[in-house]
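The values are calculated or read from the model by the stated rules, or taken from the named source; none is laboratory data. In this text the structure is predicted, and so the values were computed from the model without any measurement. Cβ placement follows ideal geometry from the backbone for every residue including glycine, while neighbour counts extend to all protein chains displayed.
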Amino acid sequence: MNYHEVEFLTSSPKIEDCPQSDLPEFVLAGRSNVGKSSLINALVNRKKAAYVGNKPGKTRFLNFFKVDNRCMLVDVPGYGFANRSQKELIQFGEMMDGYFGNRPNLKALILIVDYRHKPTKDDIIMIEYARELHMSIVVIATKKDKCKRSELAKLKKCISETLAVPSTSIIDFSSETKEGVDELWQKIDSFVEE
Ligand SMILES: Nc1nc2c(ncn2[C@@H]2O[C@H](COP(=O)(O)OP(=O)(O)OP(=O)(O)O)[C@@H](O)[C@H]2O)c(=O)[nH]1
Ligand SMILES: [Mg+2]
């Protein structure tokens, strides 16, 4: 299905302001500038549902998108953004803790990494955090269009080993070519139908 109905609900700095909803929910996480917002746009087949930027730190707060009246996608600021002040880092941590502790319909964390790079310490902290909360985790390797074909296997192995997830469970993705969009929707649908 290519057409998706998208409703942007809110951009909430605080968990108290997040929309109430019974829909199955999916939250994106990943380093700043990795391509989280672009992935949302690719998924819903829109150019500008979510803000995309050349500079890291484009997305602020928790952004809720209701898709097809069927699920909720939550775009969040990236981590590992060097120019954040101590105060902003604490606020970010509190916002995320508030979020993860208060969304009973949260079905899975969609962790997005850059196909080209070894996942960072922050990525490992993120995936460990989700594991401790016993959350389902979907790992996406994005920006595949920027990789050399001959290096794909090696790069994927590095991601798989660093995050300790089976290589076969990692979804190859590109917001440019739209590779992976169908596969990710299938994955999301399988959680929605649970
Ligand atoms: N070539 C290529 N570029 C991409 C892809 N995904 C994202 N980009 C580019 O990467 C930059 C960052 O994309 P965003 O989607 O804003 O990244 P983000 O993770 O939401 O960033 P923050 O909101 O700052 O955390 C933009 O210039 C995008 O056009 C991709 O699959 N391929
Ligand atoms: Mg963003």
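Please determine, by comparing only the residues of region 39-74 that are at pLDDT below 95 and among the small types (Gly, Ala, Ser), which one is farthest from ligand 2 (Cβ to nearest atom). Checking each candidate, the answer is Ala49.
Within region 2-13, residues that are under 18 Å from Arg60 (Cα atoms) sit with their Cβ atoms under 8 Å from residues that are among the acidic types (Asp, Glu), at 6+ positions apart or across chains, in these pairs: Thr10/Asp17.
Tell me, which residue of region 164-194 that is hydroxyl-bearing (Ser, Thr, Tyr) and away from ligand 2 (no atom under 16 Å from the Cβ) is nearest to Leu73 (Cα to Cα)?
Here is the first cut: in region 164-194, the residues hydroxyl-bearing (Ser, Thr, Tyr) are 167-169, 174-175, 177, 190.
Applying the additional criterion that residues be away from ligand 2 (no atom under 16 Å from the Cβ) yields 167-169, 174, 177, 190.
On the way: Ser167: 25, Thr168: 24, Ser169: 20, Ser174: 18, Thr177: 21, Ser190: 15 Å.
Among those residues, the one meeting the criterion is Ser190.
Of everything listed in (1) in contact with a Gly (Cβ under 7 Å, 6 or more places away or on another chain); (2) more than 8 Å from ligand 1 (Cβ to nearest atom); (3) not hydroxyl-bearing (Ser, Thr, Tyr), the single unmet condition for Glu88 is (1). Set side by side, the residues Glu94, Glu88 differ, and just one is more than 16 Å from ligand 2 (Cβ to nearest atom) and assigned to a helix (DSSP H, G or I), which is Glu94. Would region 102-122 turn up any residue that is of a type outside the set (Gly, Ala, Ser), without any contact (Cβ under 8 Å) to a residue 24 or more places away in the chain and within 15 Å of ligand 1 (Cβ to nearest atom)? Checked region 102-122: at least one residue is of a type outside the set (Gly, Ala, Ser), without any contact (Cβ under 8 Å) to a residue 24 or more places away in the chain and within 15 Å of ligand 1 (Cβ to nearest atom). Answer yes or no: is there a residue in region 14-37 that is of a type outside the set (Gly, Ala, Ser), in a helix (DSSP H, G or I), within 13 Å of ligand 1 (Cβ to nearest atom) and at pLDDT 80 or above. Yes; the residues of region 14-37 include at least one that is of a type outside the set (Gly, Ala, Ser), in a helix (DSSP H, G or I), within 13 Å of ligand 1 (Cβ to nearest atom) and at pLDDT 80 or above.
Given Val67, Val74, which one is among the hydrophobic types (A, V, I, L, M, F, W, C) and in contact with a His (Cβ under 6 Å, 6 or more places away or on another chain)?
Checking each option against the conditions leaves just Val67.
Residues in region 147-194 that are assigned to a helix (DSSP H, G or I), charged (D, E, K, R), surrounded by fewer than 18 Cβ atoms within 10 Å (Cβ to Cβ) and under 19 Å from the mean Cα position of the chain (by Cα): Asp182, Glu183, Asp189.
Of all the residues that make up region 128-145, how many are within 15 Å of Lys118 (Cβ to Cβ) and either more than 16 Å from ligand 2 (Cβ to nearest atom) or basic (Lys, Arg) (or both)?
Within region 128-145, the subset within 15 Å of Lys118 (Cβ to Cβ) is 139, 141-143.
Subset that is either more than 16 Å from ligand 2 (Cβ to nearest atom) or basic (Lys, Arg) (or both): 139, 141, 143.
So the answer is 3.
Annotation: of all residues in region 63-98 being of a type in the set (Lys, Arg) and surrounded by 17 or more Cβ atoms within 10 Å (Cβ to Cβ), the one that is nearest to the chain's Cα centre (by Cα) is Lys66.
Across region 163-194, what is the total count of residues that are hydroxyl-bearing (Ser, Thr, Tyr), more than 16 Å from ligand 1 (Cβ to nearest atom) and touching a strand residue (DSSP E or B) at 6+ places or on another chain (Cβ under 9 Å)?
Let us first name the residues in region 163-194 that are hydroxyl-bearing (Ser, Thr, Tyr), namely 167-169, 174-175, 177, 190.
The next check asks that each one be more than 16 Å from ligand 1 (Cβ to nearest atom); those that pass are 167-169, 190.
Then keep just the ones that are touching a strand residue (DSSP E or B) at 6+ places or on another chain (Cβ under 9 Å); that gives 169.
Qualifying residue count for the region: 1.
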